[in-house]
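Beneath this line is the structure, given in C-alpha cells, with notes to follow.
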Amino acid sequence: MFKENPLVSIIVPCYNHENFVFECIKSIIDQDYDNIELIIIDDGSKDGSVEVIKKAIPLCEERFSDFNFIHRENKGLCKTLNEAISIAKGEYLCCLASDDVIYKDKISYQVDYLNNNPNSIGVFGGVEIIGGGRKKILKKKSLNKFGFEDIYLHNHLLLAPTQMLRLKNVREVGGFNEGFIIEDWSMWLALTQSQGTLDCVNKIFAKYRRHSDNMSSKFELMHNGRLQIIDFFKNKNYNRAFANIHLIRSQEIVRKNLGEAFSSLIVALRSSKEIIFSKLFFRTLIILIVRGIFRIGRS
C-alpha cells in the first residue's frame, strides 16, 4: 500500500550552468506537490554556478522536506548521480539536468500515476524544447508502455527530463553504470530487463534546453555510446538494433555531411535488410532525399 503523499527525491547535478541553474531550482520550488527532497550536487563547476545555488539555499531550506547541497571536485555525471542516490530517502526519484525546467504539476501528476500503476517502474511524458531561438513540442499522442526490446531497438520515446522512477528499482540495478557514456538509456534497459515497463503519458512535463553544450549535440560521442550499450545488452535483436543506431546517426549528421549520412544508411541496410519496412528507415530515407534536393537547389 502506497502512502498518499510519498517523499519524492529530486536530484540536480550541476556543471557550469550558472545562467540556467536558478531557473531549474525555481521550477522545483514552484511544484504543487509538497513532500519533496531536493539534492543538488555541483560537480566542480568552473563558472559562477555555486554562487547562484548558494543564493537559493534559504528558499530551498524553507520549501523542501529535506535539502542537501554538495559542492566538490569534478567526478563526472554518473558518479554524481550515484552519490545523490546513495543519500536519497524518497519513494520516487527524478533526475533533472540543471539547465532544464519542469512544469509545476509534474511531480503531483506522476506520483498519482505511479501510485495507481504498481507494475510500472517509471513514468515519462513530453517536453517543450527551448533554446536556439525556437520552441518545439515533443510528446506521445497516447499512453505507451515500453519494455526492454522496445528500448533496445529504439522503438520508444522516453525523454530524460520528464522521468520519475521508483528509487527501490534504481538501487536494485546498482544505480547508474559509470562505464557508459549514455547513462539514462543504459539505466532504462537495466530496469526493464527484468522488472517491468517504463510508461510515457500524453502530457508535457518539462522544458528541455537545447544548446551547444548538450551531450545530445555531440553526435559521434552519442553514436559510440549507443554502440557501447547494445554490445553490453547484446541479444538476438542485436543486428536490428545496430542498424537502427546507424539510421539515427544518419539523421543526426545529415546537415553536416550528406555523404556520410548516406553511408550510415547503407551500413544499416547491410546489417539488417528487414529495416527497409520500418518507419525509422522510411523517415531517414525521406530526410536524406529532401536534404539532397535542397543541396542541389542551392548549387
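The values are calculated or read from the model by the stated rules, or taken from the named source; none is laboratory data. Model, not experiment: these values are computed from the prediction. Every residue, glycine among them, receives a Cβ derived from its backbone with ideal geometry; neighbour counts consider all protein chains shown. Side chains included, ligands, DNA and RNA excluded: accessible areas come from the protein's heavy atoms. Shrake-Rupley method; radii C 1.70, N 1.55, O 1.52, S 1.80 Å.
If the condition is being more than 18 Å from ALA160 (Cβ to Cβ), open to solvent by less than 10 Å² (accessible area, probe 1.4 Å) and of a type in the set (Lys, Arg), then the range 92-114 contributes no residue at all. Checked against the criterion of being open to solvent by 50 Å² or more (accessible area, probe 1.4 Å) and either part of a helix (DSSP H, G or I) or touching a Phe, Trp or Tyr at 6+ places or on another chain (Cβ under 7 Å) (or both), the candidates ARG255, ARG295 yield just one match: ARG295. For the range 93-104, the criterion of a residue being over 20 Å from the mean Cα position of the chain (by Cα) and not hydroxyl-bearing (Ser, Thr, Tyr) is satisfied by no position.
Of all the listed residues (PHE232, PHE294), the sole one being more than 30 Å from ASN115 (Cβ to Cβ), among the aromatic types (Phe, Trp, Tyr) and at pLDDT below 95 is PHE294. Only one of the numbered conditions (1) outside any strand (DSSP E or B); (2) at pLDDT below 95; (3) surrounded by 21 or more Cβ atoms within 10 Å (Cβ to Cβ); (4) not aliphatic (A, V, I, L, M) is violated by HIS154, and that is (3). When LYS89 is tested against (1) under 16 Å from the mean Cα position of the chain (by Cα); (2) open to solvent by 70 Å² or more (accessible area, probe 1.4 Å), just one condition goes unmet, and that condition is (1).
When the range 5-18 is filtered for residues that are open to solvent by 10 Å² or more (accessible area, probe 1.4 Å) and either within 20 Å of the chain's Cα centre (by Cα) or free of Cβ contacts under 8 Å to residues at least 24 places away in the same chain (or both), the ones remaining, listed by number, are PRO13, TYR15, ASN16, HIS17.
Is it fair to say GLU149 is farther than 29 Å from GLU4 by Cα and in a strand (DSSP E or B)?
Criteria not met by GLU149.
In this structure, is ASN235 within 27 Å of PHE176 (Cβ to Cβ) and not in a helix (DSSP H, G or I)? Here the answer is yes, as ASN235 does meet what is asked. Among the numbered conditions (1) surrounded by fewer than 21 Cβ atoms within 10 Å (Cβ to Cβ); (2) modelled with pLDDT of 95 or more; (3) over 18 Å from SER120 (Cβ atoms), the only one that ILE181 does not meet is (2).
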